[in-house]
Amino acid sequence: MMSRSYTNLLDLASGNFPVMGPVRERKRLTRVMTVPGVVSELDDDQANSVNSDVHSSVNQDRIIIVANQLPVKAKRGPDNKGWSFNWDDYSLLLQLKDGLPEEMEVLYVGSLKIDVDINEQDEVSSVLLEKFKCVPAFLPPEIFNKFYHGFCKQHLWSLFHYMLPYSANHGGRFDRSLWEAYVAANKIFSQRVIEVINPEDDYIWIHDYHLMVLPTFLRRRFNRLRMGFFLHSPFPSSEIYRTSPVREEILKALLNSDLIGFHTFDYARHFLSCCSRMLGLEYQSKRGYIGLEYYGRTIGIKIMPVGVHMEQIESALRVADKESRIHEFKQKFDGKTVLLGVDDMDVFKGVNLKLLAIEQMLKQHPKWQGRAVLVQITNPARGRGKDLEDTQAEIQASCKRINEMFGKPGYEPIVFIDRPISLTERVAYYTIAECVVVTAVRDGMNLTPYEYIACRQGVSESASSSESNGPKKSMLVVSEFIGCSPSLSGAIRVNPWNCEATAEAMNKAISMADAETQLQHEKHYRYVSSHDVAFWSRSFFQDMERTCKDHFRRRCWGIGLSFGFRVVALDPNFRKLSIDHIESVYVRSKNRAILLDYDGTVMPQTSHNKTPNAEVISIVNRLLGDTKNTVFVVSGRGKESLDKWFSPCKKLGIAAEHGYFMRWSSDDKWEVCGPNSEFRWKQIAEPVMRLYTEATDGSSIETKESALVWHHRDADPSFGSSQAKEMLDHLESVLANEPVTVKSGQFIIDVKPQGVSKGVVAEKVFTTMAESGKQADFVLCIGDDRSDEEMFEIISSAISSGILSSNTSVFACTVGQKPSKAKYYLDDPAEVINMLEALADASDPGSFTDTESDISL
């Protein structure tokens, strides 16, 4: 029999999102308030009222920082009773407060590094909230192990660092139960946030890959929540990322944030490429900001590497100087040239590659034997597994071999420190090292070079040696695969897999002239000191404010199930078209203009058979049977297809090829509405299009009488988009003196005569009706794509010019909930047909003509 807890997890991962938590009811946390006011408890009904426009009585901004672990350290009390807590001063979450507005309150939500008995959890929560403004998320052990050691470390960490599970023993295959635990853990974090949030006033800043689906849980409850996410690890290329079985779920969850941050442009570029290839989203860069349009919301993309806490490093330097640690290490390595490595014990840190490189350097440059020392500090491993055990064994074996090969009494080329060391001891090593070497094969950021540069600068009051007051020098050998590499222009960048090249780089670094190392140090120190952790957090928060500034001006609501959930944000005046309302206005009107797009409006885009069915023909004929109606189909399709499909509709007006050809009924001849042309420009444009078609697999050319259209929907997304931009520039150049317009659309490049648009068709219909003494007092205009926006736009100018009366009832309606110049929307073609049928039923029976009998498909 399947356990209840397991079935709940299955429900959760499939999108049913049951309430999770310990079996017993935990006391809800009271809201933390900074000004007088009343905040009611948030029950489920209130939480689901996401469209409420009522603002909280708490009007001071506050930020809730959510991460896997809280920035506090816990210690068991005497006799194993109670707990004592204190701040973890080395936590980035604590340090980033320096960049936030001074008056802003900061609240933390995260887990603790220790297990707290369920009977103590309420007391611990109260203490942490009251004294530290921290809200702990307690994860049941069975969920935590699968969440952290399972999905986070085995799947996400490996995936983001380019390790694919080619075999069951290498990285670990995808396990659905680990994903369910990951979702469950994120759900628990969301519950803790919801208990303390003031949704109209708070900012939410979520950190790192442990909580990548948390934005969806929070956005489901609060549509207008101001929320940012920062990824501290690499984001892999689309070729790697799309191997994940839950690739779209994670992408869509992240897109429920307002701002998504990355350390480098490479990571951001990979994320944007994944959004393009898997979700069909394209980004735009405007005034230096990158944004993704997603259902009416613009999601900002922030590129900003994190920095170090300069004051903390300077304080540690003073302590190290006071304790004579720097002097002690200088004596210990007197006469030696010290190279330093500081890394976590991790399979991606490339520690053994560094050891192989130093071995190669000692072989190739014997002058360093007995003089060069690599001090390798290795922090304890955070993960576990066979890969890590193999890495540790390999490192130990390399250290032993190199020391046996080149060591002698009083000299060991490798000093391996595999124990936790204090910041004071670490900065002392930084201070005496001539060069820091980082050979990680993949790393999100890596602050070791920044810390080293700050330590080599020293502090002015330090007097441990004359060097502290002399010229400052530093040299770096860094992997090109780490996040800090692009910002260190003076460092020697290496491919860590090439041990010979790394060895030469190390030799070059420690052989470099003092003048050059001083110059490089000055350049690096200017950057590191000005781009510290406070600068990073200030920059991210300011961008979050800018991205979220219109939240409360726009109408928002959620659609979709499970991780397909997203928020649609639209203009306050944009609303769904009420059939009852339009029907009542329709009945009272005397002269009606009805303009209908075809594909995507009355015919679904996904339909393979584009011929209108009997229901559509019947509805159109019933509308035409009312003499008060002037009905037009306005489409980009050719006139032959439209003429054939709508042959039973004798009185239907048709505008084909976006209005180049137009007729008022089947008895009328087609008239050309664009400028008369021999289309000589096609002889120029078509060879250009053929050139790009041959070079772009999956693209094609559509030839119309009046236009040429290049399609790249089936091409590679990135390459097709790139080729489209190139073609647009190319065609605009060669057709500059021709009477045509070149426009880009959704997966198309369209070349057509100037002065041809659906807007011109609408204007001509309105003008003709007014000139015949039947000025339209009712206008219904429906379309679904960019070309239809021209019809919506012309309506305003028609009213201002007098073609339409200011009293005309206008229903400009787009299909689908998306940004538009239309005032109304309907969800899909099915709703369009239902609305048109309602109008047909409401038509004046006395004015009908016998059109029903003409139906023959």
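Side notes on the structure shown:
- Helix 386-406 axis, angle to the chain major axis (alpha carbon atoms, nearest 10°): 40 degrees
- The residue 550 and residue 807 beta-carbon pair, evaluated with R₀ = 30 Å, returns a calculated FRET efficiency of approximately 0.40.
- The length gained on full extension between residue 584 and residue 401, counted as 0.36 nm times the residue separation minus their Cα-Cα distance, comes to 56.9 nm.
- Angle between the chain longest axis and helix 681-695 axis [Cα atoms, degrees, rounded to 10]: 40 degrees
- Exposed GluC sites (Glu not before Pro) absent - longest run of the chain, DSSP non-H/G/I/E/B, at most 16 other C-beta within 10 Å: 481-677
- Hull shadow area, averaged, the range 765-808 [alpha-carbon convex hull, nm²]: 3.0 nm²
- Placing pseudo-labels 7 Å out from each Cα toward the beta carbon at residue 734 and residue 90 gives an inter-label distance of 6.3 nm.
- Note on residue 422 and residue 76: the model spin-label points, each 7 Å out from Cα along the C-beta direction, lie 2.5 nm apart.
- Of all accessible heavy-atom area on the chain, the percent that carbon and sulfur account for (1.4 Å): 48 percent
- Theoretical gain in end-to-end length, residue 480 to residue 665 [0.36 nm per residue, Cα-Cα removed]: 59.8 nm
- Radius, Kirkwood style, for the chain when every pair of distinct Cα atoms is counted (Å): 31.6 Å
- Hz values of 3J(HN,Hα) by residue in the range 183-198 - Karplus curve (6.51, -1.76, 1.60), Gly and Pro given as x: 5, 4, 5, 4, 5, 5, 4, 5, 5, 5, 5, 4, 5, 10, 7, 10
- Whole-angstrom gap from the range 583-637 to the range 329-374, using each part's C-alpha centre: 78 Å
- In the chain, taking the dipole from charged Cβ atoms about the Cα centre, the farthest positive-side position among 240, 685, 512 is held by 512.
- Sorting the segments 377-387, 587-597 by their mean number of nearby beta carbons within 10 angstrom, highest to lowest, gives 587-597, 377-387.
- Over 17 Å [Cα-Cα, the range 680-753], rounded percent: 32 percent
- Its Kirkwood hydrodynamic radius, worked out from the mean inverse distance over all distinct Cα pairs, puts the range 620-706 at 15.0 Å.
- Prolate/oblate/rounded label for the range 309-435 (Cα gyration tensor, a/c 1.5): oblate
- Charge dipole (the chain, unit charges on Cβ, about Cα centre) - positive-most of 829, 487, 775: 487
- Ratio of Rg to Rh over the range 394-493 (Cα coordinates, Kirkwood Rh, two decimals): 1.01
- FRET efficiency, residue 838 to residue 303 (Cβ-Cβ, R0 35 Å, nearest 0.05): 0.10
- Placing +1 on each Lys and Arg Cβ and -1 on each Asp and Glu Cβ, with no other charges, gives the range 680-753 a dipole about its Cα centre of roughly 240 debye.
- Candidates 661, 699, 649 compared by Cα position along the dipole of the range 649-702: farthest toward the positive end lies 649, with charges placed on Cβ.
- Calculated SAXS-style log₁₀ I(q)/I(0) at q = 0.24 Å⁻¹ - the range 263-346, Debye, Cα scatterers: -1.19
- The range 600-704: trypsin sites (Lys or Arg not before Pro) in DSSP loop, at most 12 other beta carbons within 10 Å: 669, 680
- A 1.4 Å probe over all protein chains sorts 581, 711, 161, 551 by accessible area into 581, 711, 551, 161, starting with the largest.
- Pairs from 651/823; 704/758; 704/821; 590/821 whose Cα-Cα separation, in the structure shown, is over 22 Å: 651/823; 704/821; 590/821
- For a modelled paramagnetic label at residue 472, 7 Å from Cα along Cα-to-Cβ, the residues of the range 442-457 in reach, with backbone nitrogen under 16 Å, are 449-457.
- Principal-axis analysis of the Cα atoms of the chain puts helix 265-279 at an angle of about 40° to the longest axis.
- For residue 702 and residue 628, the FRET efficiency from 1/(1 + (r/R0)^6), where r spans their Cβ atoms and R0 equals 60 Å, is about 0.95.
- Local net charge near residue 164, Cβ-Cβ under 14 Å (Lys/Arg +1, Asp/Glu -1): +2
- Rounded to whole Hz, the Karplus (6.51, -1.76, 1.60) HN-Hα couplings of the range 372-383, x for glycine and proline: 8, 10, 9, 8, 10, 9, 10, 6, x, 5, 8, x
- Taking Cα centre as origin and charging only the Cβ of basic (Lys, Arg, +1) and acidic (Asp, Glu, -1) residues, the dipole magnitude of the chain rounds to 1460 debye.
- Tensor-based shape of the range 57-163 (alpha-carbon gyration tensor, a/c under 1.5 rounded, otherwise prolate or oblate): oblate
- Loop sites in the range 706-786: trypsin sites (Lys or Arg not before Pro), DSSP, at most 11 other Cβ within 10 Å: none
- DSSP bridge orientation in the range 214-308 - percent antiparallel, rounded to nearest 5: 55 percent
- Computed extension gain for residue 726 through residue 286, at 0.36 nm per residue and net of the alpha carbon distance, reaches 156.5 nm.
- Rounded to the nearest 5, the antiparallel percentage of DSSP beta bridges internal to the chain is 35%.
- Taking amide H as placed 1.01 Å from N in the peptide plane, residue 823 has its amide H under 5 Å from the amide H of 812, each at least 5 places away in sequence or on another chain.
- Modelled spin-label separation between residue 162 and residue 408, with each label point placed 7 Å from Cα along the Cα-to-Cβ direction: 4.0 nm.
The values are calculated or read from the model by the stated rules, or taken from the named source; none is laboratory data. Everything numeric in this text was worked out from a predicted model, so none of it was measured. Cβ atoms come from the backbone with ideal geometry, glycine included; neighbour counts cover every protein chain shown. To get the accessible areas, we keep the full protein, side chains included, count just its heavy atoms, and leave off ligands, DNA and RNA. Shrake-Rupley method; radii C 1.70, N 1.55, O 1.52, S 1.80 Å.
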